[in-house]
Structures are given as structure tokens and as C-alpha cells.
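*Asks:* Before anything else, here's the structure in question.
The values are calculated or read from the model by the stated rules, or taken from the named source; none is laboratory data. This is a predicted model, so every value here is computed, not measured. Neighbour counts are summed over all protein chains in view; Cβ atoms, including those assigned to glycine, are modelled from backbone coordinates with ideal geometry. Ligands, DNA and RNA are excluded from the accessible area calculation, which covers all protein heavy atoms including side chains. Shrake-Rupley method; radii C 1.70, N 1.55, O 1.52, S 1.80 Å.
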Amino acid sequence: TDSFGCELLLWAGLEDGRVAVLASAELQRRATLTAHHGAVTCVCAPGAPPAAPNQGASIVLSGGADCCMLLWDARTAEQLRSLQCGGAVLCAMLALWSAPAGGRDASCRVWSAASNQTLAIWEPRPARARKDGRDAPQVIALHASVCALGASSDGRIVAAAAGEDGVLILDGSARLRGRLGAKEAGGAVAAAADVGRGRQIWTAG
């Protein structure tokens, strides 16, 4: 497959399970990829590590109603691997970078919320980058149906939109720090975004 280089702008999940790759400012379709068996429910890209902001995204992830997470090479659109997600439909994904003091050796974790009211935290890598070829996510019971995830600019606060359950406020280690009820938010919450370093949370319902 020819490289997409820096033109690639948008990956869009389709209801028929395919992923469309749109490029350039005019959003012309460059490729349509055979991806999931069933609708694509979420797509995310980790982007560049904090220490190299000009590097650009190298991996794109897609989740689907087939309970799978697929890893793609963002430059070539090659599928790198498939991860089974415990038999639950993926509803939302979020990529968070974290780095120790000094900002070196940053790592990226992917949060995925599923239809069984759980949150899984992954460190997915191409199969060739893992000695055992397996990923073992940390799984947390949320007891709420999360439909969207948003993070503060520093990754320390995550807002999980959960419909009639309002918004769950989590820290970077996925510990529950607070909850905003649907009544306080003005109704069932369909999306939530942290503004800045989590000083504001915007919701939509």
C-alpha cells in the first residue's frame, strides 16, 4: 500500500463496518478499508508523544459492534492487529499519553468503554512489538453505560458521559473522583469534554 504521508486527516467509521480514510483540506476519500463485522462504533488516534509534538500519529484504533479493537498503521492504512474485547460492544475510546518526571519515555494507554458497563485500559502495540503477542488490559467496573470519553489537556482528569447516569469524573488512574448527575447537567448526557486542565467540563445531551 502506498504511504499516505502527512496528507491523512480524518478516519471515519461506517455503519457497514468499513473505515473511510479522508485526506487533505477538501476531505477527498483516499481509501475505504474492510474493518469490522458490524458497525464501527468509535475511532481514536493517540497522536504524537508529548516530547515530540511534530511527530504526528502513527497508529489509529477502531472499535466496533463485533467486540473487537483494530490497530492500523496511520501512514499506510495497513491493519496491524486485532484485539478481542471480552464479548462486549465498544462504545467509546480515548488515548492518553503519560510520562514520568522529565517527559521522557512517554507511554500511551487507550481507554475503552464497553456495553457491559466496564472500562478497559490497554497498552496496545503491534504484535511484533510484544514478546508474547498478547495484551492484558486493566478492567474496571463502572456500573454506568458510558457513551463518550473526554480528557483534560494534561490527561489527569477524564470525563465519562453516561446518559441517565450523568458524567463520571475519573483521574488518570481511572479512580472515580466525582459524579455529575443528569439532573445537574440538564438531562441525559451524550458527550462530555474537559476544557483546559479540567477546570471546566462541557456536556451535551
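*Asks:* Using the Cβ atoms and a cut-off under 14 Å, what net charge is assigned to the surroundings of LEU168, where Lys and Arg are +1 and Asp and Glu are -1? Before the final figure, lay out each step's value.
*Replies:* Working: positive: ARG175, ARG177, ARG179; negative: GLU164, ASP165, ASP171, GLU184, ASP194.
The answer is -2.
*Asks:* Please work out how much accessible surface ARG175 shows to a 1.4 Å probe, ignoring ligands, DNA and RNA, in Å² rounded to 10.
*Replies:* 120
*Asks:* If you don't mind, there's one more thing I want to ask. What does the charge add up to near THR32, with Lys and Arg as +1, Asp and Glu as -1, over the other residues with Cβ less than 14 Å from its Cβ?
*Replies:* Combined, the nearby Lys, Arg, Asp and Glu give +1.
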